[in-house]
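A.B. asks: Dropping the structure in here first, questions after.
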Amino acid sequence: MGENMEREKLRPKTISTDRNSASARSNPEREIKTGHLEPEPNSAPTMAIDLQAVTMIYREKTVVDSLSFGVKAGECFGLLGPNGAGKSTITRMLLGMATPSAGKISVLGLPVPGKARLARAGIGVVSQFDNLDMEFTVRENLLVFGRYFQMSTGAIEELIPSLLEFAQLEAKADVRVSDLSGGMKRRLTLARALVNDPQLLILDEPTTGLDPPARHQIWERLRSLLIRGKTILLTTHMMDEAERMCDRLCVLEGGRMIAEGPPLSLIKDIIGCPVIEVYGGNPDEISLIVRPHVERIEISGETLFCYTVNSDQVRAKLREFPGLRLLERPANLEDVFLRLTGREMEK
Ligand SMILES: Nc1ncnc2c1ncn2[C@@H]1O[C@H](COP(=O)(O)OP(=O)(O)OP(=O)(O)O)[C@@H](O)[C@H]1O
Ligand SMILES: [Mg+2]
């Protein structure tokens, strides 16, 4: 197949309607004027990403271990895992920057690494560490990046106002990147990733190191991209981010998948009841008293976690201990993650 025909396959496509929480997203956002390719319905690959039994071995160490998962077109899929779980290695393999030791990868319907260069024409990337050109201005960074995609200066310049608007950096267009805050740099990196109007965004920890308002700004921008039908692969070790953003996710540990599903299903299936966090006192002593009344107890440092549907009864028992502070809350993805990766010291 000629390269032009293959490039045709990379045009932004109408997304599959097979989405869970993504389908609930309304479409109040105005369109961002990006890219040079027009949507072309009915011919998109259903799976934006497909990994089959992918393994990566670095110097005899298996860092990705027979991993299989698929990301449907139009969904936000999370790769969740602690430091060293293999998240960035997976993103590098998806981009053809690292070749798997075994297994098969397809991205936007193209085999990778074989056709990685073509696949990358349809991908926008935010790498884990900022790789903006610090000496260039915001506008210059967008211009230089667009040229990687063989876009003419005129075509990029036409896009720049909408990219700046997307990044909320209109006032900073001629400011050097070295003078931007961390949040602004991340927003610029995200806007830069849209220069080629990609179907698929691969975002490696896009909000790590940002303060809460900056994280919320990025999440809001990501939601607007999902509304526009983009597919997002998001790696993170922040549970709240994964719970907020992802339609589905897989939890990795040591390169292996230890759970996969929509966040709420994982929370329901793996935890399934509210949590009372207990601060103060001796967690071992307290656990002896409350254990008969709870589904499960976990201790992490000096905090006791009581998983229970009988919170009134448990609270009554906890009143026997003076000076405790209690926090009752619904279970969340962090509970799932810590349960799977081992927080509990007793059952
Ligand atoms: N080029 C390389 N050569 C050798 N080992 C590597 C290489 N790249 C990654 N590794 C190892 O692979 C493992 C997974 O690393 P990776 O960067 O993919 O993890 P991660 O989940 O992205 O972690 P983090 O949350 O810290 O970014 C680590 O043990 C790392 O040391
Ligand atoms: Mg990483």
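A.B. asks: Keeping to segment 248-278, report how many residues are charged (D, E, K, R), farther than 28 Å from Arg291 by Cβ and surrounded by fewer than 22 Cβ atoms within 10 Å (Cβ to Cβ).
C.D. replies: 2
A.B. asks: Could you please let me know if Glu205 is within 16 Å of ligand 1 (Cβ to nearest atom) and touching a residue at least 60 places away in the same chain (Cβ under 8 Å)?
C.D. replies: yes
A.B. asks: Which one is surrounded by the most Cβ atoms within 10 Å (Cβ to Cβ) among residues in segment 72-96 that are under 14 Å from the mean Cα position of the chain (by Cα) and among the hydroxyl-bearing types (Ser, Thr, Tyr)?
C.D. replies: Thr91
A.B. asks: In segment 55-85, what count of residues is obtained for those that are away from ligand 1 (no atom under 16 Å from the Cβ) and among the polar types (S, T, N, Q)?
C.D. replies: 1
A.B. asks: Can I ask one more? Within segment 37-54, can one find any residue that is within 16 Å of ligand 1 (Cβ to nearest atom) and modelled with pLDDT of 50 or more?
C.D. replies: Within segment 37-54, one or more residues are within 16 Å of ligand 1 (Cβ to nearest atom) and modelled with pLDDT of 50 or more.
A.B. asks: Would you confirm whether any residue within segment 153-176 is closer than 28 Å to Glu334 by Cα and touching a helix residue (DSSP H, G or I) at 6+ places or on another chain (Cβ under 8 Å)?
C.D. replies: no
A.B. asks: Is one or more of the residues making up segment 88-109 within 12 Å of ligand 1 (Cβ to nearest atom) and among the charged types (D, E, K, R)?
C.D. replies: Yes, because at least one residue in segment 88-109 is within 12 Å of ligand 1 (Cβ to nearest atom) and among the charged types (D, E, K, R).
A.B. asks: Something else: Of all residues in segment 97-147, which are closer than 24 Å to Leu234 by Cβ, surrounded by fewer than 19 Cβ atoms within 10 Å (Cβ to Cβ) and aromatic (Phe, Trp, Tyr)?
C.D. replies: The answer is Phe129, and nothing else.
A.B. asks: Where the second residue is outside any helix (DSSP H, G or I) and within 16 Å of ligand 2 (Cβ to nearest atom) and the first is closer than 12 Å to Leu200 by Cβ and lies in segment 87-114, which pairs have Cβ atoms under 7 Å and are six or more apart or on separate chains?
C.D. replies: Thr91/Ile202; Thr91/Asp204; Thr91/Thr235; Leu94/Ile202; Leu95/Val125; Leu95/Ile202
A.B. asks: List the residue pairs whose Cβ atoms are under 8 Å apart, where the first residue sits in segment 172-192 and is more than 24 Å from Lys230 (Cβ to Cβ), the second is of a type in the set (Gly, Ala, Ser) and at pLDDT below 95, and the two are 6 or more positions apart or on different chains.
C.D. replies: Once the first residue is more than 24 Å from Lys230 (Cβ to Cβ) and sits in segment 172-192, its partners that are of a type in the set (Gly, Ala, Ser) and at pLDDT below 95 give Ser181/Ala214.
The values are calculated or read from the model by the stated rules, or taken from the named source; none is laboratory data. Because the structure is a prediction, the values reported are computed rather than measured. Note that each Cβ is placed from the backbone with ideal geometry, even for glycine, and that neighbours are counted across all protein chains shown.
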